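Every read-out reported here was derived from the displayed coordinates using simple, explicitly stated rules and does not represent laboratory data. Just so it is clear, the model here is predicted, and its values are computed rather than measured. Backbone-built Cβ (ideal geometry, glycine too); neighbour counts: all protein chains shown.
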Amino acid sequence: MEEIKKKDIRALTREQLRDFFVSNGDKAFRGNQVYEWLWQKAAYSFDVMTNLSKETREMLEANFVINHIKVDQMQRSSDGTIKNAVRLHDDLIVESVLIPTKSRTTACVSSQVGCSLDCRFCATSRLKRMRNLNPDEIYDQVVAIDNESRLYFERPLSNIVFMGMGEPLMNYNNVLKAIEKITSPDGLGMSPKRITVSTSGVPKLIKKMADDEVKFKLAVSLHSAIDEIRTAIMPFNAKFTLSDLRESLQYWYEKTRSRITYEYVVWEGINDTQKDVDALVAFCRFAPSKVNLIEYNPIDDGEFKQASSAAIDMYVNTLEKNNIVVTVRRSRGKDIDAACGQLANKS
Ligand code: SAH
């Protein structure tokens with residue numbers, strides 16, 4: 001007998017779940033109970049839903065699946081960073097990272113399997129985009145890291161960055177749905193102020209986020225404020241040019257009043273001159289912003305090389321002289337390929 005394809009129960013809204021129970025001759029509040037199990041308690045099976053009768057659990061089992069993720073492999077770095085290889089229900093793999101500091105635990109989560117962008121310095125760009133993650137698959141990564149944080153660091157997860165695999169804005173609806181669940185009292189109840197979505201810069205969608213009045217923070221992977229250079233290292237910049245990006249960021253700030261973070265790697269012979277810094281300073285003038293200088297994590301072909309510390313100092317000095325907040329971020333988890341741009345399902 002052919003098996004009927006069961007529905008992913010987490011694709012249902014609370015109302016749909018309530019309706020399901022009513023149409024099966026049960027009470028609507030049963031839907032609330034299940035909804036709570038699915039999201040607040042992140043239940044991985046119907047068996048654990050102990051406030052439901054055995055018949056109800058069997059009925060759910062017969063109709064639905066919970067497409068939960070499985071942490072296939074967990075690697076721990078000497079600096080405390082943890083990388084999870086996460087298996088999805090269709091056996092594709094993504095990675096997420098737990099980054100501990102003295103006072104925080106940050107989850108770095110993936111939004112797509114692979115990536116459709118072509119940043120030449122990023123390992124994930126070598127994996128072609130297979131598919132978008134569903135909201136529940138993003139949510140599950142966060143829950144897994146929250147559990148690990150409680151287990152290994154005796155505190156809950158405090159921050160989330162969408163800086164894992166994929167371009168979050170190319171999976172706009174699912175990323176926003178996941179964030180809605182993460183921030184809702186129905187879900188994890190985290191503050192949106194502790195969530196940062198990082199994008200390579202898709203102007204139209206940055207404007208859409210502003211129109212949608214999102215409450216999380218925005219980071220943009222800039223890497224160069226000169227079109228020819230940015231296009232050479234991030235080829236999609238030919239289509240999404242810096243002037244469009246700049247305009248969308250001004251729009252973002254006008255609507256949200258939320259300061260933008262620019263992520264920026266300085267490479268030898270690519271963007272390490274005074275002219276490059278000056279262009280960055282000019283770009284920062286358009287909307288209140290700060291700059292995170294991130295260390296380059298080599299991805300094996302040797303084409304890109306971290307700039308000298310003299311070049312980094314030049315960036316820091318020039319930015320500071322122009323009253324632009326700048327931080328120099330050291331990489332974490334390099335020994336297990338968990339640092340920015342290194343996520344590529346190597347193991
Ligand atoms: N697609 C999104 C989110 C994923 S990338 C974005 O582009 O923002 C997360 C960050 O790592 C980005 O700022 C990206 O530019 C940076 N990155 C990519 N490869 C890197 C590498 N090899 N070393 C350091 N940072 C890298």
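To one decimal place, what orientation-averaged projected area in nm² is obtained for the convex hull of the Cα set of the range 206-307?
Numbers: hull surface 26.4 nm².
Averaging across all directions leaves 6.6 nm² for the Cα convex hull.
Go ahead and estimate [θ] at 222 nm for the chain from helices alone: -39,500 (n - 2.57) per DSSP H run with n ≥ 4, summed, over the residue count, rounded to 500. Mind dumping the intermediate values first?
Details: 10 runs with 116 residues, N = 347.
That comes out to -10500 deg cm²/dmol.
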Which whole-number percent is the relative contact order of the chain (Cα, under 8 Å, 6+ apart)? 14
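Using a Förster radius of 25 Å, what is the FRET efficiency between K193 and D79 based on their Cβ-Cβ separation? Nearest 0.05, please.
On the way: r = 26 Å, r/R0 = 1.04.
Efficiency for this residue pair is about 0.45.
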Overall dimensions of the chain as given by Cα atoms, namely Rg and Dmax in Å: 21.7, 73
For A232 paired with N147, estimate the spin-label separation in nm (one decimal), with each label point 7 Å from Cα along the Cα-to-Cβ line. 4.7
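For the chain, what are the DSSP H helices with axial Cα length of 27 Å or more and mean Kyte-Doolittle hydropathy of at least -1.0?
Values: long enough: none.
None pass (Cα extent of 27 Å or more, hydropathy at least -1.0).
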Between T101, T261, T81, which gets the highest mean-square fluctuation from a Gaussian network model of the chain, Cα cutoff 10 Å? T101
Where the centre of each part is set by its Cα atoms, how far does the range 1-78 sit from the range 305-347, in angstrom? 43
Return the distance in nm (one decimal) between the two label points of a simple spin-label model at Y44 and F286, each offset 7 Å from Cα along Cα→Cβ. 4.6
Set of aspartates and glutamates with alpha-carbon distance to K255 below 18 Å, sequence-local pairs under 8 removed: D211, D212, E213, D244, E247
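Can you give the FRET efficiency to the nearest 0.05 for N317 and K6, using r as the Cβ-Cβ distance and R₀ = 45 Å?
Values: r = 60 Å, r/R0 = 1.34.
Here the calculated transfer efficiency is 0.15.
Rounded, prolate or oblate for the range 7-65? Axes are the square roots of the Cα gyration tensor eigenvalues, ordered a ≥ b ≥ c, and the cut-off for rounded is a/c under 1.5. All intermediate terms of the calculation are to be shown ahead of the outcome.
Numbers: a/c = 1.31, a/b = 1.12, b/c = 1.17.
Rounded is the answer for the range 7-65, as its axis ratio a/c remains below 1.5.
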Of K177/K334; K102/K275; K5/K54; K70/K208; K7/K208; K128/K204, which ones are farther than 26 Å apart at the Cα? K177/K334; K102/K275; K70/K208; K7/K208
Residue of E95, E303, E55 that the Gaussian network model of the chain assigns the largest fluctuation, springs spanning Cα pairs under 10 Å: E55
What does the extension gain come out to for K204 and R330, with contour length at 0.36 nm per residue minus their alpha carbon separation? 42.2 nm
Dipole of the chain (Lys/Arg Cβ +1, Asp/Glu Cβ -1, origin at the Cα centre): which of G187, Q75, Y139 lies farthest to the positive side? G187
Where in the range 105-134 does the label zone of Q16 land, with the point 7 angstrom along Cα→C-beta and an amide N cut-off under 19 Å? 132-134
